[in-house]
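The values are calculated or read from the model by the stated rules, or taken from the named source; none is laboratory data. Nothing here was measured: the structure is a model prediction, and the numbers come from that model. Methodologically, a virtual Cβ is constructed for each residue, glycine included, from the backbone with ideal geometry; neighbour enumeration extends over all protein chains shown.
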Amino acid sequence: MNNNENGIEYNIDLKELFNLFVKRLPLLILVAVVAMGAYFSYDTFTYVPQYESKAVLYVLKQNSDGSEVSSTDFSLALQVTSDCTILLKSHTVLDAVISDLGLTSTYSELSKSVTTSNPSNSRVLNVVVRSDSPENAKRIVDKVCEVGVEAIEEAMGFKQVNFYEHGTLPTDPCNRTSLMVYAAIGIGAAVVVYLIFAAKMIFDDRINSDEDIEKYLDLAVIGVIPDANATSGKKYGKYGKYGKYGNEPTTSQR
């Protein structure tokens, strides 16, 4: 509901909002297409492909004498797995990787490209490295695991972390923009424009049509007097300041 300066109440219902949507639908579609096209151009111009290589480590003490693994070993492995995820991204490990591979990255940059995770209630460690080339991603993730296993062994005093899977060699970039992102951008832009039109309609208290006069003033329009002094194409059109009714609509009470 909206009140004008004369105290007349204007009720905005869902039908009016829907009619506004239908009326502006071609424009909203155009806005969505333009927004998606603009983002596509930006994304194409700035896009740098990134590749992810994943290696898998398994945390469990190996008995050199060939004896069976006890329940105590399983319990200990579960306890130390979370510690291993931290040690794999420590300065000791990543600084050694940078030195061994001759990387130009700093510790902070390499740390951001390395992700470690431990699935709940498991002794599995997933290590993922992102790089601008598939070969670099695999080379780095294998070196992180290799150095990390040695560092964890030294820190814990026994061999606890074992290679299960070496790094994969990715073939496709991992950072391509999905169609869902483009759809969200287009819909978002259209919604913003529609809300602007809706707000303008809600707060507009002017009488703009015959229907408005009958609806808000409870009067019947029996004739229209154009503004003869107005020039067609000017700011208010040939019917003057008050829209199609000129200076004042001629009405008759029912």
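At-a-glance table
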quantity: Positions within segment 145-190 being surrounded by 14 or more Cβ atoms within 10 Å (Cβ to Cβ), in a helix (DSSP H, G or I) and of a type outside the set (A, V, I, L, M, F, W, C), in sequence order; calculated: Glu146, Gly148, Glu150, Tyr182, Gly186
quantity: Looking only at segment 104-121, and only at residues there that are out of contact with any Leu (no Cβ under 7 Å at 6 or more places or on another chain) and part of a loop (DSSP other than H, G, I, E, B), the one that is farthest from Ile86 (Cα to Cα); calculated: Thr104
quantity: Residue tally, condition touching a residue at least 12 places away in the same chain (Cβ under 8 Å) and assigned to a helix (DSSP H, G or I), over segment 10-43; calculated: 17
quantity: Of residues in segment 170-221 being of a type in the set (Ser, Thr, Tyr) and at pLDDT 70 or above, the one nearest to Leu14 (Cα to Cα); calculated: Tyr194
quantity: Output for segment 48-70, where each listed residue is exposed (fewer than 12 other Cβ atoms within 10 Å of the Cβ) and modelled with pLDDT of 80 or more; calculated: Val48
quantity: Number of positions in segment 192-202 that are surrounded by fewer than 14 Cβ atoms within 10 Å (Cβ to Cβ) and within 22 Å of the chain's Cα centre (by Cα); calculated: 2
quantity: Hits in segment 86-103 (condition: among the small types (Gly, Ala, Ser) and part of a loop (DSSP other than H, G, I, E, B)); calculated: Ser90, Gly102
quantity: Considering residues of segment 82-123 that are under 30 Å from the mean Cα position of the chain (by Cα) and among the aliphatic types (A, V, I, L, M) only, the residue surrounded by the fewest Cβ atoms within 10 Å (Cβ to Cβ); calculated: Ile86
